[in-house]
Amino acid sequence: MRNYDEAILRGRRILRKAPFPTAHQALRIALYDEFAARAFFGKAVEAYGPREPFAASLKAAEARIATLARQCRRHGVASPLDPFPQETSLAPGWRANCERALAGTLGRLQLYESLISRTDAGLRKSLRRLQAEDARQLQVWHDAVAEALRLEELHAQGGVAPDEAHMEHGVLGDFLERTFSVLSGQHAAIGVVGPLLGKLNPALLAGIAAGGAGVLLARGKRNFTQDGKEG
């Protein structure tokens, strides 16, 4: 079953000659586009688990959809049908999907700007707030793409394929991996050993760090005991 205004929704443009009011078209176009965003982020969460920034972006899209649905009810506009759960698929690879998220966020900001310029003052204020909420995600996705590139470059030094650079290795392993990714490019001392660190499996690094923490804890406990005896 198709939407009665499918051409308008797919075209993402308000048509002055269409037999629907401007506000009617704007709300349905915005909601339809947010459906597409929700489907994409939902697929990413299904594929990668509740990893950021996809999980947060999914929640943000759901919140914007709820806001637009309320606006539709207020203006007496029926919500469009949502075909995107069946139509949406992911790109191959973590970085490619981060790049799609960045491009999609930028596209929605431009869409909102177009809709805002063609609607009345009452609806314009609401759409502007939604645009501002989406704008906050833009830097998040810019950083995500940059981080994905850094990780791939770091792993490439050890002959690791790009897709494997984004595998999860546990909380500590992932933290160490990101830390070394940043430090190896910023500090000369770390930069010397950066290629070596890049060749180590993050799970092994996590084990090393955990082992080191255990040694420090044991030493601290021993020193504390000795201090107690001396006291």
Condition test on Arg100, is it in contact (Cβ under 8 Å) with a residue 60 or more places away in the chain, of a type in the set (Lys, Arg) and surrounded by 15 or more Cβ atoms within 10 Å (Cβ to Cβ)? yes
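Please state which one of Ile65, Ile29 is under 26 Å from Arg128 (Cβ atoms), in contact (Cβ under 8 Å) with a residue 60 or more places away in the chain and among the aliphatic types (A, V, I, L, M).
Numbers: Ile65 fails: in contact (Cβ under 8 Å) with a residue 60 or more places away in the chain.
Testing whether each residue is under 26 Å from Arg128 (Cβ atoms), in contact (Cβ under 8 Å) with a residue 60 or more places away in the chain and among the aliphatic types (A, V, I, L, M) leaves just Ile29.
Is it true that Ser79 is part of a loop (DSSP other than H, G, I, E, B), in contact (Cβ under 8 Å) with a residue 40 or more places away in the chain and more than 27 Å from Arg129 (Cβ to Cβ)? Spell out how you get there, then give the answer.
On the way: part of a loop (DSSP other than H, G, I, E, B): yes; in contact (Cβ under 8 Å) with a residue 40 or more places away in the chain: yes; more than 27 Å from Arg129 (Cβ to Cβ): no.
Spelling it out, it is not the case that Ser79 is part of a loop (DSSP other than H, G, I, E, B), in contact (Cβ under 8 Å) with a residue 40 or more places away in the chain and more than 27 Å from Arg129 (Cβ to Cβ).
To keep it simple, each residue is scored yes or no on (1) over 21 Å from Gln139 (Cα atoms); (2) open to solvent by 40 Å² or more (accessible area, probe 1.4 Å); (3) at pLDDT 95 or above.
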| residue | (1), (2), (3) |
| --- | --- |
| Pro19 | yes, yes, no |
| Arg28 | yes, no, yes |
| Gly42 | no, no, yes |
| Ala69 | yes, no, yes |
| Pro80 | yes, no, yes |
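The values are calculated or read from the model by the stated rules, or taken from the named source; none is laboratory data. Computed from a predicted structure; not experimentally measured. For neighbour counting, all protein chains shown are included, and Cβ atoms are generated from backbone atoms with ideal geometry for every residue, glycine included. These area figures cover heavy atoms from the full protein model, side chains too; ligands, DNA and RNA do not enter into them. Shrake-Rupley method; radii C 1.70, N 1.55, O 1.52, S 1.80 Å.
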